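Working notes, structure below.
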Amino acid sequence: MLLAHEKFLADPLAVRAALVRIEGGPLAVLAPAQRETALLVMAEVLNNVAEHAYGGGHGPVSASLWLCHGQLCGRVLDKGVVPPVFTRGNRYDPATLPEGGFGLGLIRVLTERLVQRRRLGCNVLDFRLAGHNAQDTGDSFLIRHN
Amino acid sequence: MELSIIQTTQARVVATTAARLDAAGVLAFKDRFRAAVADAEGRVILDLGSVNFLDSSGLGAIVAVRRLLPEGVVLELAALTPPVERVFRLTRMDSVFTIHPVVPIGPATAH
């Protein structure tokens, strides 16, 4: 069941406006935790498109969210350059007070399926949100000192 | 991103007034925070009670503004809403800040 579909030119203000539309629309029927997770993952993905795929410029982006067998899934399409890979690296030590690098980690910890591919000149990112039991440990952020 | 400022006998309390601290608002937040704490001494408490959406850019800005504080001034956080607290917990940034459940209010003084 399709919950939301947005098309716009990616920049931080347009991302904010799209998220506000999504939050106040179909996602309002979801449980608060599920809605917050969906909005946060979508925000991080879309900001990543604006910042990296389009390098701070403007470019078209399409974002969709739907329910599949009770789980929230999403797809984001853009025509920018190939963005950073989400599924490896990017761990940090909180004690060093990093000022960035949180976004990719949040996406990773809040999703259980994440597929990036390049198709017909577009970046395609498909994701499925993690179940509630798997979300809140934050372990994937840590560099462990043994 | 407007900020309100209250000087108490114990700390300077800088409070957000917007519901979102996100990529679209971080530059204004940093600029206004810098002005708000330029002459602060001792403790600065950032009251995030108005914020119900924090993304990674907003989190990065909160970490970054520690470097804007005058020497010897400490930044503490207060009144995190559940979605904001969750971002801090997920990223383990809750381990590097002193976080108060509510703003520890002392008698206000003129500022």
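All but one of (1) open to solvent by 10 Å² or more (accessible area, probe 1.4 Å); (2) under 17 Å from B:Arg20 (Cα atoms); (3) in contact (Cβ under 8 Å) with a residue 24 or more places away in the chain hold for A:Leu46, so report the exception by its number.
All conditions are met except number (1).
Taking the condition touching a residue at least 24 places away in the same chain (Cβ under 8 Å), within 11 Å of chain A (Cβ to nearest Cβ), open to solvent by less than 30 Å² (accessible area, probe 1.4 Å) and outside any loop (DSSP other than H, G, I, E, B), does B:Ala15 pass?
no
Determine if the range A:15-26 includes at least one residue that is part of a helix (DSSP H, G or I), facing another protein chain (nearest Cβ under 10 Å), open to solvent by less than 10 Å² (accessible area, probe 1.4 Å) and aliphatic (A, V, I, L, M). Outline the logic, then answer.
From the range A:15-26, those part of a helix (DSSP H, G or I) are A:15-24, A:26; that's our starting set.
With facing another protein chain (nearest Cβ under 10 Å) added as a condition, the list becomes A:15-17, A:19-20, A:23.
Then drop every residue that is not open to solvent by less than 10 Å² (accessible area, probe 1.4 Å), which leaves A:15, A:19.
Add one more test, that the residue is aliphatic (A, V, I, L, M), and what stays is A:15, A:19.
So far as the range A:15-26 goes, yes, one or more of its residues are part of a helix (DSSP H, G or I), facing another protein chain (nearest Cβ under 10 Å), open to solvent by less than 10 Å² (accessible area, probe 1.4 Å) and aliphatic (A, V, I, L, M).
In the range A:4-14, how many are away from chain B (no Cβ under 12 Å) and either part of a loop (DSSP other than H, G, I, E, B) or not aliphatic (A, V, I, L, M) (or both)?
Just the residues of the range A:4-14 that are away from chain B (no Cβ under 12 Å), to begin with: A:4-9.
Subsequent filtering for residues that are either part of a loop (DSSP other than H, G, I, E, B) or not aliphatic (A, V, I, L, M) (or both) retains A:5-8.
Within the range A:4-14, residues that are away from chain B (no Cβ under 12 Å) and either part of a loop (DSSP other than H, G, I, E, B) or not aliphatic (A, V, I, L, M) (or both) number 4.
So, in the range B:18-55, how many residues would count as being in contact (Cβ under 8 Å) with a residue 12 or more places away in the chain, part of a helix (DSSP H, G or I), within 25 Å of A:Glu36 (Cβ to Cβ) and not aromatic (Phe, Trp, Tyr)?
So the answer is 3.
From the list A:Leu72, A:Leu46, which one is at pLDDT 90 or above, assigned to a helix (DSSP H, G or I) and under 26 Å from A:Pro26 (Cβ atoms)? Steps first, answer last, please.
Working: A:Leu72 fails: assigned to a helix (DSSP H, G or I).
Residue meeting the stated conditions: A:Leu46.
The values are calculated or read from the model by the stated rules, or taken from the named source; none is laboratory data. Keep in mind that what you see is a predicted model, and the values were worked out from it rather than measured. All Cβ positions, glycine included, derive from the backbone under ideal geometry; neighbour counts span all protein chains shown. Side chains are part of the model used for accessible areas, which takes the heavy atoms of the whole protein and leaves out ligands, DNA and RNA. Shrake-Rupley method; radii C 1.70, N 1.55, O 1.52, S 1.80 Å.
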